[in-house]
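Heads up: the structure comes next, in structure tokens.
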Amino acid sequence: MRSPDPKTALVTGGGSGIGRAISLALGHDGATVVVADLHPEAALATCEQIVTSGGVALHLAGDVAHPEDVERWFGEIRSACGGVDILVNNAGLQHVAPVEEFPVEKWDQLIGTMLTAPFLTTRLAIPHMRAKGWGRIVNLGSIHSLVASRYKSAYVAAKFGLLGLTKTAALETAGTGITVNCICPSYVRTPLIEVQVPRLAREHGIPEEEVIRRIILPNCPLGRLLEPDEVADAVRYLCSDAASGITGTAFTLDGGWTAQ
């Protein structure tokens, strides 16, 4: 089944990092990109990059974990573009603490942003995709959709749950022209990671250049951070007609982490 043109893509957390790289890639491929972000200035900056490159983009502000914001986004997208053909659930955040010290409000925030929010967007995206006979839902999971780490209980729980949501939605939409997949990358070079390097170097008393290999990626045979564009290229592939037979998968970009 070939994709209809034109396509509209909604990218949550599209204002920076991986989300910005995905938004730019989909815009380059000709999609109208709707960049949704908690920070309106970041969403606007991404849109300006897309437009400067000759693409079409819209920006929306709000909290993806709030049902009223998500309902408003989909209403505005229906009015402007007809509906969402490509949904990329990318918004995320992190908090690190032992389980017994993990603040309940932080647990709720992480689960809300990385598990409840993809449920909210997916349930609103599917009807349009069914009616059109084509759709792509790509959830940004993590290596932590597959393996756990200490002190990341809410993040790991959300990412494991996101993979479960992916598989369930894939089964429910199989044969409709819709695919649902979860990309599971190891650590990606983003501002969130880069600001941790000096702190970890101080805490462990090692040079900054050793932090990634010894502290962040000791279990990754590849031994390097992924780049945002590598994740964006995986999204592009899963949104293509070439990937029409791929659904319900954990699409793993882990540098060999889970091969061990």
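The table for this structure:
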quantity: Number of positions in region 227-256 that are of a type in the set (Val, Ile, Thr) and surrounded by fewer than 18 Cβ atoms within 10 Å (Cβ to Cβ); calculated: 1
quantity: Any hit, region 129-136, residues being in a helix (DSSP H, G or I), modelled with pLDDT of 95 or more, within 21 Å of residue 9 (Cβ to Cβ) and out of contact with any strand residue (DSSP E or B) (no Cβ under 8 Å at 6 or more places or on another chain); calculated: yes
quantity: Count - residues of region 88-125 that are within 16 Å of residue 67 (Cα to Cα) and surrounded by 14 or more Cβ atoms within 10 Å (Cβ to Cβ); calculated: 18
quantity: Output for region 205-219, where each listed residue is within 18 Å of residue 255 (Cα to Cα) and of a type outside the set (D, E, K, R); calculated: 211, 212, 215, 216, 217, 218, 219
quantity: Subset tally (residues that are out of contact with any Pro (no Cβ under 8 Å at 6 or more places or on another chain) and surrounded by fewer than 20 Cβ atoms within 10 Å (Cβ to Cβ)) for region 164-193; calculated: 13
quantity: Within region 161-248, helices (runs of 4 or more DSSP H) holding 1 or more residues that are at pLDDT 95 or above and either among the aliphatic types (A, V, I, L, M) or touching a Phe, Trp or Tyr at 6+ places or on another chain (Cβ under 8 Å) (or both); calculated: 228-238
quantity: Residue 168 vs. criteria free of Cβ contacts under 8 Å to residues at least 24 places away in the same chain and farther than 30 Å from residue 101 by Cβ; calculated: yes
quantity: Some residue of region 5-19 being surrounded by fewer than 18 Cβ atoms within 10 Å (Cβ to Cβ) and under 26 Å from residue 194 (Cβ atoms); calculated: no
quantity: Qualifying residue in region 75-85 (condition: of a type outside the set (A, V, I, L, M), in contact (Cβ under 8 Å) with a residue 60 or more places away in the chain, surrounded by fewer than 23 Cβ atoms within 10 Å (Cβ to Cβ) and not in a loop (DSSP other than H, G, I, E, B)); calculated: yes
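The values are calculated or read from the model by the stated rules, or taken from the named source; none is laboratory data. All of these numbers come straight from a predicted model, not from anything done at the bench. FYI the Cβ positions are ideal-geometry reconstructions off the backbone, even for glycines, and counts take in every protein chain you see.
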